[in-house]
Amino acid sequence: MDTAHPNHAFISSEDVEGTNVFDRKGERIGEIDHLMIDKISGRVIYAVMSFGGFLGLGHQHFPIPWARLTYDTKLDGFRTDVTEKQLRDAPEFSDDSWQSRDWEGRVHDHYNVPPYWGL
């Protein structure tokens with residue numbers, strides 16, 4: 001079911017999950033697995049992207065700041081200038097990472113994006 005609202009500038013999170021992510025050249029590098037939303041502000045902060053693997057095996061998850069993605073209507077997906085190398089070189093991620101402001105700071109530095117908590 002597509003819950004996108006064509007006459008509005010918003011989209012349901014269920015429609016974002018699974019959306020392809022493309023590099024600057026327009027080549028698919030992965031897809032959005034899920035979003036991380038700041039509970040206080042309600043803003044989307046990270047898109048957790050998955051890429052790699054075959055038949056769902058061996059794929060990896062990488063949170064990237066939402067600010068590094070832009071929706072491209074021609075591609076019907078998100079475009080980013082984040083490279084696969086940048087994803088692989090990102091600060092190591094685990095489920096406990098979400099509790100560390102230090103880890104978040106390193107992620108934002110890595111992707112050259114101002115931290116959301118300073119906005």
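Taken together, the values in this text are just the output of simple stated rules run on the coordinates, not laboratory data. The shown structure was predicted, so the numbers you read here are calculated from the model rather than taken from an experiment. Cβ: placed from backbone, ideal geometry, glycine included. Neighbour counts: every protein chain shown.
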Theoretical gain in end-to-end length, residue 27 to residue 106 [0.36 nm per residue, Cα-Cα removed]
25.7 nm
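For each of 85, 39, count neighbouring Cβ atoms within 10 Å of the residue's Cβ, then give the residues from fewest to most. Present the calculation step by step, with values, prior to reporting the outcome.
Values: 85 8, 39 5.
Ascending Cβ contact count within 10 Å gives the list 39, 85.
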What residues have an amide H closer than 5 Å to that of residue 46, excluding those fewer than 5 places away on the same chain, when H is modeled at 1.01 Å from N in the peptide plane?
36, 66
Set of aspartates and glutamates near residue 85 by C-alpha distance (under 15 Å), chain-local residues within fewer than 8 positions excluded
23, 27
³J(HN,Hα), Karplus 6.51/-1.76/1.60, whole Hz, each residue of the stretch 30-40, x for Gly, Pro:
x, 8, 6, 7, 6, 10, 10, 10, 5, 5, 6
Setting aside same-chain residues fewer than 8 positions from residue 74, which lysines have a Cα under 21 Å from its Cα?
25
Under the Karplus relation with 6.51, -1.76 and 1.60 and θ = phi - 60°, whole-Hz ³J(HN,Hα) for the stretch 94-111, x at Gly and Pro, equal 9, 4, 6, 4, 4, 8, 10, 5, 4, 4, 4, x, 5, 5, 5, 4, 4, 9
Interchain or long-range residues, amide H under 5 Å from residue 19's placed H:
32
Run the Debye formula on the Cα coordinates of the stretch 13-103, all scatterers equal and no solvent, and tell me log10 I(q)/I(0) at q = 0.14, 0.15, 0.22, 0.25 1/Å.
-0.50, -0.57, -1.21, -1.48
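Once fully extended, how much extra length lies between residue 60 and residue 94, figured as 0.36 nm per residue of separation less the alpha-carbon to alpha-carbon distance?
The residue 60-residue 94 span can extend by a further 11.1 nm.
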To the nearest 20 debye, what charge dipole does the chain have about its Cα centre, counting +1 at the Cβ of each Lys and Arg and -1 at the Cβ of each Asp and Glu?
360 debye
Which of 95, 76 has the fewest Cβ neighbours within 10 Å, and the rest in rising order:
95, 76
Residue-by-residue Karplus 3J(HN,Hα) for the stretch 63-70, coefficients 6.51, -1.76, 1.60, Hz, glycine and proline x
x, 10, x, 3, 5, 8, 10, 10
